[in-house]
Each structure stands twice: as C-alpha cells, then as structure tokens.
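The values are calculated or read from the model by the stated rules, or taken from the named source; none is laboratory data. Please read these numbers as outputs of a predicted model, since none were measured by experiment. Every residue, glycine among them, receives a Cβ derived from its backbone with ideal geometry; neighbour counts consider all protein chains shown.
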Amino acid sequence: MDKTVERNVGIDVEISAKSNKVKGSIGELSGYAIKFNKPSVAEAPFTEYIMSTALDHVDISKVLILYDHNYANVLGRVDAGTLELNVDNIGLKFKVQVPDTSLGRDVYANVKAGNLKGMSFGFTVAEGGDSWKQTRPKPTRFINQIKKVSEISIVSLPAYDDTSVNVTRDVDAFKHYKEQNYRQKVKYYLDHI
C-alpha cells in the first residue's frame, strides 16, 4: 500500500483583484508548490530534494489545492477549472482563483498580509522512485519519481523555503504603481533642485 507523504515549502504569494476573474472568485494566488533541486529545511531528520524528473508522467488533472492539508478546506481543483498547474524547469507552478467563501477570504487576506508563507504537497513516491545518500550531518533523500500528487496546500510552516505563493497583480494595478513611482521620483527631484 502506498503511503501519502506531505511536504511543506515556502511561498511568495501574488494576490489579484482582477476584474475578469472567475465568477465567485475574490482574486488569484500563484506561485510554486514544488521547486526542483532545492533542499528541504534544516529541521527535518534528513535533507530531501525533489528532482527535476519527479513529475515526469504524473497525472495532475485531479489535484486539489487545500488550506493546511485539510480536505474540508478546498480552495480549488484542476478538474473544476479553478486551479491551474504547470510543470516547468523550476517546478510545479500553480494559479488558483480563490473562492468568495469565508475560508477563501481568510486565506487570501493572510497571504496578502504575509502571515501564510508556505506551500506543501501530498504525494506518493513511485516504487523505486527515491534514493538515499549517507551525508553529514544527516542523510539525504532524492525523490526521482513521484507516483501521484493528490493535493497542494497553503500552510504556515513549510518544509521547503524555496516554494512561493504570490498575489497576482492585474495590469491596471501595475500601471498605477509605475505612475505613482514616477510621480514620487519627479516630486523628489523638483523638491531638491
């Protein structure tokens, strides 16, 4: 029987209040749930790396995004069209349309405030899909092939610091930021002539 393992990773979150958002969504969160070839945090009894081959041939069409690995706290899912997952050379990138629910609003606000800064994922390793190396001060595990990713989660304590979750900003917000920044620079310059 396969044992599902959970791994937490750090995240940088982007939040968006896009006008063209999915109906029932308050905004968008995006980032990386898994980053390849990055070590797990020091507190674990071993160091773990998810290798760039780990997601080869893995079906990610039914993955959910949860809050804190709790299946009662669903924020989105691939097969509903509210979660988008893509594997690239960095890792497993996600984009979720956060639902307008009390959980969605709470998670969104906590990510935006910087209170939630971690991602985690639940997975099973394929048979023979990992290898170990005896290193000091503790052993190192390499996950070469994952059998299944069941969920990704936004969490408070990540096992991998390199993951990211970001609040996605829309074009209008970016234009406003650039305009405000430009005005501040001009004002500073004029004040100091």
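For region 113-127, the condition holds for at least one residue, the condition being that it is exposed (fewer than 15 other Cβ atoms within 10 Å of the Cβ), more than 13 Å from Leu55 (Cα to Cα) and in contact (Cβ under 8 Å) with a residue 12 or more places away in the chain. Of all the criteria given as (1) at pLDDT 95 or above; (2) more than 24 Å from Ala44 (Cα to Cα); (3) among the hydrophobic types (A, V, I, L, M, F, W, C); (4) touching a Ser or Thr at 6+ places or on another chain (Cβ under 8 Å), the one not satisfied by Val167 is (1).
Taking the conditions exactly as written (of a type outside the set (D, E, K, R), at pLDDT below 85 and within 15 Å of the chain's Cα centre (by Cα)), does Ile34 satisfy them or not?
no
Among the residues of region 50-64, is there at least one that is part of a strand (DSSP E or B) and either modelled with pLDDT of 95 or more or in contact with a Phe, Trp or Tyr (Cβ under 7 Å, 6 or more places away or on another chain) (or both)? Scanning region 50-64 turns up at least one residue that is part of a strand (DSSP E or B) and either modelled with pLDDT of 95 or more or in contact with a Phe, Trp or Tyr (Cβ under 7 Å, 6 or more places away or on another chain) (or both).
Residues that are farther than 14 Å from Gly91 by Cα and buried (at least 20 other Cβ atoms within 10 Å of the Cβ) within region 51-74 comprise Val63, Leu64, Ile65, Leu66, listed in sequence order.
What about Arg141, is it assigned to a strand (DSSP E or B) and in contact (Cβ under 8 Å) with a residue 24 or more places away in the chain? Criteria met by Arg141. Hey, does region 75-92 have a residue that's under 13 Å from the mean Cα position of the chain (by Cα), among the polar types (S, T, N, Q), surrounded by fewer than 16 Cβ atoms within 10 Å (Cβ to Cβ) and in a strand (DSSP E or B)? The answer is yes; a qualifying residue exists.
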